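One structure is given below, encoded as structure tokens.
Just so it is clear, none of the values below were taken in a lab; they were calculated from the coordinates. Fair warning: this is a prediction, and the values are worked out from it, not measured in the lab. Heads up, the Cβs are rebuilt from the backbone with ideal geometry, glycines too, and the neighbour counts pull from every protein chain shown.
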Amino acid sequence: MAVEQARDQGAGRPFRPQIPASLAYALHAVLASNPAYRWLAAFLERHPRLYRWFTTGERVTKERLFGCRMCGQCALPVTGYACPMTCPKQLRNGPCGGVSPDGACEVDRTLRCVWVTAWDRAESAGHGADLDLLQRPVDNRQWSRSSWVNYWQGRDEGLAVAFTGADPRPAIAAGSARAGR
Ligand code: SF4
């Protein structure tokens, strides 16, 4: 039930991060995966009550700093620490076509598009190339889970990948496409 509640809690609103990008990148270095964090993540997953407390702490912290909605698969390190899940359309690969020339969100013209914010922050910190990465679709089973634990457990592998130009989709023969309908 918690998963559905978190996923369906309504559209996000573009959120302006509360700390400078440079500080956020520095904090990420502190949280970088290492054997101690991997041990902690495994320990927490074996103890559901501790896991819930830890996840609540993560939610409170990241909600205040980044408007986090607890998707469980954190994209912040490659979006200038502007949360793409606060985009009303939850776009994880850049802005929609409706962003206005002055950078306003199409859904709420009083707010700045989160992707414009992401670009400004990533560029200012020398991480503009991160926005060229392709982000895989959200795994809806991870809503309300701790993204820190998921990261330390290695579940973020391939969350954002370089675009090679090759079509990653497997070729589907016409016959098998029909059979799948
Ligand atoms: S865990 Fe998901 S919702 Fe939370 S800040 Fe990261 S990308 Fe945004």
If I stretch the segment between T110 and E123 completely, what's the gain in nm (0.36 nm per residue apart, minus their alpha carbon distance), one decimal? 2.3 nm
Give the calculated FRET efficiency between R16 and N93 to the nearest 0.05, with a Förster radius of 25 Å applied to their Cβ-Cβ distance. 0.75
Per-residue Cβ contact counts at 10 Å, fewest first, order W115, W39 as W39, W115
Using Cα-Cα distances under 8 Å and only pairs 6 or more residues apart, what relative contact order does segment 1-114 have, in percent? 34
Connecting C-alpha atoms closer than 10 Å in a GNM of the chain, tell me which of T56, T79, T164 has the biggest fluctuation. T164
Counting sequence-distant residues (5 or more places) and residues on other chains, those with an amide H built under 5 Å from that of R112 are C105
